[in-house]
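Working notes, structure below.
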Amino acid sequence: MMAAGHAADWGAKVLLLEKNADLGAKLKLTGGGRCNITNAEFDIRSFLSAFGENKKFLFSPFSRFSVQETFDFFEEEGLLLTVESQRRAFPTSGKAADVISTLENFLVKNGVIIRKGSSVTDVEIVSNDRVMIRVAEEPLFAKSVVLATGGLAYPKTGSTGDGLRWLKKLGFLLHPSEPTLVPLCVKDSWIKNLSGLTLEKVGIKCEGSEGSVFLGTGSILFTHFGVSGPLILNRSNQIKEMLKGGEVVASLDLFPDEDASVLEKRILGVFDENKNKLLRNVLGFVVPKGGVNMLRTHLPEGLLDKQINGIRQEERKFLIKILKGLPFRITKTMGYDWAIVSDGGIDLADVNTQTMATRKYPNLFVVGDLLHVSRPSGGFSLQLCWTTGWVAGEEAFYRSTM
């Protein structure tokens, strides 16, 4: 949508072929239905540090259309943005549907011809100024084409690897696709019973069969199958490697910024002020929302119904231990159906990232999830789409005038 709208804004005649019945199927799912449009890190070099070794390839396109330009674009199109924790930017309305309608209005305003329900079956490069795109049995011809099909993540939205197959057929060597930024499935019912609960800051420790340990801190979301959220998604690749050795034992630290002695001192202060109350009624002053339900299956029977003044030292020590390490067992990742993005695709060395055209075919442009680019959650994936789409759209226009 970004590529098509921007190319048309420059004056190109643009046809957008949409596989689905409606535009933006994947956008509807991003950010929990709120659409995490970007990450509000306005320094380009700092932003690109999240992309690892690929940052050297991406500086050119991001110098043309980066985070500031994304804010400017959406606000000029009438969609206000709000920045929340961890610099995540959302539409102020909190509705992904508003992002989709903004982009669709952008397309219509610039005269893009939109054909929905049009599944492309083949792409053939005829010459440097002629491409054939086949929709069912209908051949269509253009001077240039932008592939923006997505990878393999969330196949129910139409990302079923079509673009990857076309690129392979055209002779490109592709990195194997893997689901990345993917939620995790757990055994423990106590986690599943907390479905929908988000904790903004917890620590996680994971131990695999070979004793590997990983520590991280961030936001976690409990689901009906296990755990998700930025902390989990951004560590899922490491945990996926650990799962190759079997089940991974993990633990949650509800107070990652306090060591056990500091936490105990604070809890003693709360206990002193509530000596005659039951522990279950006092824990709410200490633990995060939903914390009492988390602890229920881990504390000795009857402890929650004990009066504070009757709790023994060893029981208090055990409580501290649990608060600093709630155990659970990770069994697998949730795969492509739940992955936020998929890895793999065309190597950036095979793409002229100044234009987003492939080096082999200068009238074939590749953007978004078809690029082999790893990145964390938190708005980085969509910013990659806005940036590469914007650059490809403009360069495809120039190509069409040659």
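Only the coordinates and a few stated rules stand behind these numbers; no lab work does. Just so you know, these numbers come straight off a predicted model, no measurement behind them. Don't worry about glycine lacking a Cβ; one is built from the backbone with ideal geometry, like all the others, and counts go over all protein chains shown.
Counting charges near Ala3 (Lys, Arg +1; Asp, Glu -1) among other residues having Cβ under 10 Å from its Cβ returns a value of -2.
In sequence order, the range 206-221 has phi-based couplings of 10, 10, x, 5, 9, x, 5, 10, 10, 10, x, 9, x, 8, 10, 10 Hz under the Karplus curve 6.51 cos²θ - 1.76 cosθ + 1.60, θ = phi - 60°, and Gly or Pro positions carry x. Distant-in-sequence amide contacts of Val351, defined by a placed amide H-H separation under 5 Å and a gap of 5 or more residues or a different chain, comprise Arg359.
The GluC sites (Glu not before Pro) found in the range 37-86 that occupy coil by DSSP, while having at most 15 further C-beta atoms within 10 Å, are Glu77, Glu84. Note on Thr401, Thr198: ascending count of other Cβ atoms within 10 Å places them as Thr401, Thr198, the fewest first.
Around the amide H of Ser342, modelled in the peptide plane, lie the amide H atoms of Gly151, Leu152, Ala153, Thr180, all under 5 Å away and 5 or more residues distant in sequence or on another chain. Less than 5 angstrom separates the built amide H of Leu147 from those of Phe365, Val366, Val367, all sequence-distant by 5 or more or on a different chain. Each peptide in 276-284, 359-367 was scored by the mean count of other Cβ atoms within 10 Å over its residues; highest first, the order is 359-367, 276-284.
Using the Cβ-Cβ distance between Leu304 and Ser101 with R0 set to 56 Å, the FRET efficiency from 1/(1 + (r/R0)^6) comes to roughly 0.70. For the range 166-178, 3J(HN,Hα) computed residue by residue from phi via the Karplus equation (6.51, -1.76, 1.60; θ = phi - 60°) reads 5, 4, 5, 4, 7, x, 8, 7, 10, 6, x, 7, 9 Hz, glycine and proline entered as x.
Label-to-label distance for Lys13 and Thr121 is 2.5 nm, based on points extended 7 Å past Cα in the beta-carbon direction. Between the beta carbons of Glu315 and Lys201, assuming R0 = 35 Å, the FRET efficiency works out to 0.85 to the nearest 0.05. Within the chain, the percentage of alpha carbon pairs spaced more than 28 angstrom apart rounds to 53%.
Here r is the Cβ-Cβ distance between Asn352 and Lys187 and R0 is 60 Å; the resulting FRET efficiency, rounded to 0.05, is 0.80. The label-point distance for Phe285 and Ser63, in a model that sets each label 7 Å from Cα toward Cβ, rounds to 5.9 nm. With the simple model of a label 7 Å out from the Cα in the direction of the Cβ, Ile113 to His175 spans 3.7 nm. Considering only Gly302, Leu243, Gly345, and ranking their Cα positions along the charge dipole of the chain that arises from unit charges at the beta-carbon of Lys, Arg, Asp and Glu, the one farthest toward the positive end is Gly302. The order of Cys385, Cys35, going from fewest to most other C-beta atoms within 10 Å of their C-beta, is Cys385, Cys35.
Peptide packing for 248-259, 179-190 was compared via the average number of neighbouring C-beta atoms within 10 Å per residue; ordered from the highest value, the list is 179-190, 248-259. Compared with the alpha-carbon gap, the fully stretched path from Lys28 to Glu76 is longer by 15.1 nm at 0.36 nm per residue.
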